[in-house]
């Protein structure tokens, strides 16, 4: 293994708050330390003042798209169980862990119920032993409160985090948009935004009763965020996440029946969009993730109500999230924490820090580099992004996995 010394860098360790000029040394697949002695045989990489930080951990993707992940500075992903077949058996968990190696490590979530049907609990204990880092309800909430209660009780016994989809199943059945002006104008089947708060309120109450570690993969409304703030203050073990689309786009993005803006949960009104951005900055939202989900043209080139939800986002995650630093006063350390050390702690993964002995997973990032998102030229398996053509600032220049340069611009 080659020893690397990343010099002339702005070194940020999100876990400790370290943010200062310096260098990082990596040897034998692990971090030696910040400003450690540079061995004579080290390969010197002059970072030109750019940011050096832990590689990103993308919590809650639907596909382990290695090229897109590496181009976006992502070295580990937490994989949702919504696959064919769903990840509800130990053998499937073991197989999923091998998808992205050697350069992108996949940490699967086990399906909460058999076939993700929301009825019978899956073999959660066996899936955990096979390597699942949590258990998830998938794209939809579990409608039956009794099943959800049993799931939380069972997960608590294994100290597994439960990842819940925050929408009331009855209210959102058949809906493809949020109730409001744009859904009405376009004649789209819609559900009220408070469907999210109802689901959040139920699961928070169950979490308080069981003591489970509860994580909402996406929270997108001001009302639901207020509930989570109150629950955190009361001591409930709850965290939540969101994707860049829900703090950068509002429901007017679906105008013209733009199916690339067909997401789950759907885009919300501008008031909710601004509330999400504020909640990331104040720490109510713990994790920013891509929700990466490649869809083919056949999936998207359909009438809006028939198009499949989802967007790619691994390659653009950090560039889009950087708007929180420029426009909302968030620090780089806090933003990187939401994509590194916080998901690492929640799912008990290695990485997400620059401490000596930690995995040698790093990125070199230029926060000032301007570029334009181009769906046709991106590294993702497909180009289904609502941000096609958007000018952004901030670009990953290098991704290092296990002490090896896995990707460079």
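The values are calculated or read from the model by the stated rules, or taken from the named source; none is laboratory data. The structure displayed is predicted, hence computed values, not measured ones. Cβ coordinates were reconstructed from backbone atoms using ideal geometry, including for glycine residues, and neighbour counts include every protein chain displayed.
Please count how many residues of region 11-29 are touching a residue at least 40 places away in the same chain (Cβ under 8 Å), surrounded by fewer than 18 Cβ atoms within 10 Å (Cβ to Cβ) and either in contact with a strand residue (DSSP E or B) (Cβ under 6 Å, 6 or more places away or on another chain) or on the phi < 0 side of the Ramachandran plot (or both).
At the first step, the residues of region 11-29 found to be touching a residue at least 40 places away in the same chain (Cβ under 8 Å) are 11-19, 24, 26-29.
After this cut, where a residue has to be surrounded by fewer than 18 Cβ atoms within 10 Å (Cβ to Cβ) as well, the list is 16-19, 28-29.
With either in contact with a strand residue (DSSP E or B) (Cβ under 6 Å, 6 or more places away or on another chain) or on the phi < 0 side of the Ramachandran plot (or both) added as a condition, the list becomes 16, 18-19.
Going through region 11-29 one residue at a time, the tally reaches 3.
Being in contact with a helix residue (DSSP H, G or I) (Cβ under 7 Å, 6 or more places away or on another chain), buried (at least 24 other Cβ atoms within 10 Å of the Cβ) and more than 25 Å from residue 171 (Cβ to Cβ) is the requirement here; does residue 281 meet it? Give the derivation first.
Numbers: in contact with a helix residue (DSSP H, G or I) (Cβ under 7 Å, 6 or more places away or on another chain): yes; buried (at least 24 other Cβ atoms within 10 Å of the Cβ): no; more than 25 Å from residue 171 (Cβ to Cβ): yes.
When the stated conditions are applied, residue 281 does not pass them.
From the list 108, 81, 86, 54, exactly one residue is buried (at least 19 other Cβ atoms within 10 Å of the Cβ), under 15 Å from residue 406 (Cβ atoms) and touching a strand residue (DSSP E or B) at 6+ places or on another chain (Cβ under 7 Å). Which is it?
Details: 108 fails: under 15 Å from residue 406 (Cβ atoms); 81 fails: under 15 Å from residue 406 (Cβ atoms); 86 fails: under 15 Å from residue 406 (Cβ atoms).
Result: 54 is the single residue among 108, 81, 86, 54 that is buried (at least 19 other Cβ atoms within 10 Å of the Cβ), under 15 Å from residue 406 (Cβ atoms) and touching a strand residue (DSSP E or B) at 6+ places or on another chain (Cβ under 7 Å).
Could you tell me which numbered condition residue 184 fails, if it satisfies all but one of (1) in contact (Cβ under 8 Å) with a residue 60 or more places away in the chain; (2) more than 24 Å from residue 113 (Cβ to Cβ); (3) out of contact with any helix residue (DSSP H, G or I) (no Cβ under 9 Å at 6 or more places or on another chain)?
If we test residue 184 against (1) in contact (Cβ under 8 Å) with a residue 60 or more places away in the chain; (2) more than 24 Å from residue 113 (Cβ to Cβ); (3) out of contact with any helix residue (DSSP H, G or I) (no Cβ under 9 Å at 6 or more places or on another chain), just (1) comes out false.
Determine whether region 335-357 contains at least one residue that is assigned to a strand (DSSP E or B) and under 26 Å from residue 49 (Cβ atoms). Can you show your working first?
Just the residues of region 335-357 that are assigned to a strand (DSSP E or B), to begin with: none.
No, the conditions are met nowhere in region 335-357.
Please find, within region 312-329, the residue that is modelled with the lowest pLDDT out of those that are in a loop (DSSP other than H, G, I, E, B) and over 20 Å from residue 49 (Cα atoms). Steps first, answer last, please.
First, the residues of region 312-329 that are in a loop (DSSP other than H, G, I, E, B): 312-316, 322, 329.
Those still in the list that are over 20 Å from residue 49 (Cα atoms) too: 312-316, 329.
On the way: 312: 97, 313: 97, 314: 97, 315: 97, 316: 97, 329: 94.
The qualifying residue modelled with the lowest pLDDT is 329.
Go through region 114-133 and count every residue that is out of contact with any helix residue (DSSP H, G or I) (no Cβ under 6 Å at 6 or more places or on another chain) and either surrounded by 24 or more Cβ atoms within 10 Å (Cβ to Cβ) or assigned to a helix (DSSP H, G or I) (or both).
Going through region 114-133 one residue at a time, the tally reaches 6.
State whether one or more residues within region 77-89 are in a strand (DSSP E or B), within 20 Å of residue 365 (Cβ to Cβ) and at pLDDT 95 or above.
Initially, region 77-89 is screened for residues in a strand (DSSP E or B), giving 77-79.
Next, only the ones that are within 20 Å of residue 365 (Cβ to Cβ) stay: 77.
Filter once more, so that each one left must be at pLDDT 95 or above: 77.
Within region 77-89, one or more residues are in a strand (DSSP E or B), within 20 Å of residue 365 (Cβ to Cβ) and at pLDDT 95 or above.
Of the conditions (1) under 20 Å from the mean Cα position of the chain (by Cα); (2) surrounded by 19 or more Cβ atoms within 10 Å (Cβ to Cβ), residue 360 clears all except one; give me its number.
Unmet for residue 360, out of (1) under 20 Å from the mean Cα position of the chain (by Cα); (2) surrounded by 19 or more Cβ atoms within 10 Å (Cβ to Cβ): (1).
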